[in-house]
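The structure appears right after this line, and notes come after that.
The values are calculated or read from the model by the stated rules, or taken from the named source; none is laboratory data. This structure is a prediction, so every number in the text was calculated from the model and none was measured. Every residue, glycine among them, receives a Cβ derived from its backbone with ideal geometry; neighbour counts consider all protein chains shown.
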């Protein structure tokens with residue numbers, strides 16, 4: 001008589017080994033995914049926020065060395081955390097400023113040389129990707145460098161606010177439009193949803209401070225709603241939001257809801273005054 005039990009035991013043992021290996025693979029993959037999340041959500045914030053603070057310092061030291069400093073700056077504080085459609089007047093479309101890219105972030109070492117000088121109101125734009133101004137939002141305790149352009153790697157992923165090419169420069173007639181990350185990579189615009197009518201926004205550029213006052217907030221619009229960064233900003237998706245008369249405007253755009261790039265959150269303000277150095 002032949003006993004057949006050995007074969008069944010071997011099959012059970014093989015199945016147990018397969019299940020064990022599968023469990024180990026799943027655990028390893030889970031750990032790797034968790035590390036990637038930590039890298040994107042935590043480490044990129046620390047890295048980019050530190051570099052942005054350093055860039056603010058570099059700019060201010062450069063202005064101080066030239067004798068051109070806007071008064072009342074205070075210490076910079078970073079707050080924790082591209083669609084391609086045609087845009088008016090050659091402006092860059094509203095970018096995906098809140099989605100975390102899958103690739104590792106680039107070096108975020110700040111510029112070692114402050115710019116020679118910002119463009120005057122209505123003048124030529126600074127060099128592409130160059131940090132040339134500081135945006136301060138007292139309500140949020142925020143001070144963030146402003147660079148020309150809205151490229152992810154060159155500007156936004158460094159924790160900077162990016163100036164939409166083709167829109168007005170600070171203080172000029174038209175719309176000084178900015179984009180910034182809401183989550184990851186310094187997330188400078190994470191809490192712009194907390195801004196309210198009457199809140200002040202300061203834009204410091206060598207020797208001058210442009211003071212804007214928040215006037216309108218559009219809580220949600222599409223990524224392709226380029227009307228929000230037009231010279232006279234007005235939503236093309238929600239026509240009841242925006243302005244009708246020419247003026248000097250500022251626009252802040254970021255992704256919404258948090259940890260998503262589905263829609264855009266927009267904050268608008270109007271120019272209140274310009275303060276020169278030494279006044």
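So, residue 269, is that one closer than 20 Å to residue 176 by Cβ, at pLDDT 95 or above and assigned to a helix (DSSP H, G or I) or not? Criteria not met by residue 269. Considering 198, 215, the condition of being more than 17 Å from the chain's Cα centre (by Cα) and assigned to a loop (DSSP other than H, G, I, E, B) is satisfied by 198 alone.
With respect to (1) part of a loop (DSSP other than H, G, I, E, B); (2) buried (at least 23 other Cβ atoms within 10 Å of the Cβ), the lone exception for residue 232 is condition (2). Is one or more of the residues making up the stretch 231-245 touching a helix residue (DSSP H, G or I) at 6+ places or on another chain (Cβ under 9 Å) and closer than 20 Å to residue 136 by Cα? No, the stretch 231-245 contains no residue that is touching a helix residue (DSSP H, G or I) at 6+ places or on another chain (Cβ under 9 Å) and closer than 20 Å to residue 136 by Cα. Considering (1) surrounded by 22 or more Cβ atoms within 10 Å (Cβ to Cβ); (2) within 16 Å of the chain's Cα centre (by Cα); (3) under 23 Å from residue 165 (Cβ atoms), the lone condition that residue 183 does not fulfil carries the number (3).
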